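Handing you a structure now.
The values are calculated or read from the model by the stated rules, or taken from the named source; none is laboratory data. Being a predicted model, the structure only gives us computed values, none of them experimental. Cβ sites come from the backbone with ideal geometry, for glycine too, and all protein chains shown count toward neighbours.
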Amino acid sequence: MTALVLGISAHYHDSAACLVRGGRILSAAQEERFSRQKGDARFPLQSSRYCLTSNGADAASLDAVVY
């Protein structure tokens, strides 16, 4: 099976997360969609959680987290 990777963009304008397997984006989300704060630069905790749960994954199933 190919690696399951969580990509994170944080601490500047529009933080976000995405979940990728084999070069294919499974899901992606901007943190501002959950926090309702335009341009939210905080760590994308809610969008990371969404990407994982919407694909039936959890932190233990990740092969890597990239920033």
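Among residues belonging to segment 25-54 that are touching a helix residue (DSSP H, G or I) at 6+ places or on another chain (Cβ under 9 Å) and basic (Lys, Arg), point out the one that is modelled with the highest pLDDT.
Arg49
Here is a further query. Please identify the pairs in which a residue from segment 1-23 that is in contact (Cβ under 8 Å) with a residue 40 or more places away in the chain has its Cβ atom under 8 Å from the Cβ atom of a residue that is surrounded by 11 or more Cβ atoms within 10 Å (Cβ to Cβ) and of a type in the set (Lys, Arg), counting only partners at least 6 apart or on another chain.
Ala3/Arg21; Leu4/Arg21; Val5/Arg21; Ala10/Arg42
Of the numbered conditions (1) surrounded by fewer than 17 Cβ atoms within 10 Å (Cβ to Cβ); (2) part of a loop (DSSP other than H, G, I, E, B); (3) modelled with pLDDT of 95 or more; (4) not hydroxyl-bearing (Ser, Thr, Tyr), Ala57 fails exactly one; give the number of that condition.
Failed condition: (1).
A follow-up question, please. Considering segment 1-51 alone, what residues qualify as being under 22 Å from Asp63 (Cα atoms), outside any strand (DSSP E or B) and of a type in the set (S, T, N, Q)?
Within segment 1-51, Thr2, Ser15, Gln46, Ser47, Ser48 meet the criteria.
Out of everything in segment 10-47 that is among the small types (Gly, Ala, Ser) and touching an Asp or Glu at 6+ places or on another chain (Cβ under 9 Å), what residue ends up being farthest from Tyr67 (Cα to Cα)?
Filtering first and then ranking leaves Gly39.
Search segment 30-51 for residues that are surrounded by 15 or more Cβ atoms within 10 Å (Cβ to Cβ) and pair each with any residue that is of a type in the set (Phe, Trp, Tyr) and part of a loop (DSSP other than H, G, I, E, B) when their beta-carbon atoms are under 6 Å apart and the residues are at least 6 apart or on different chains.
Pairs found: Ala41/Tyr12.
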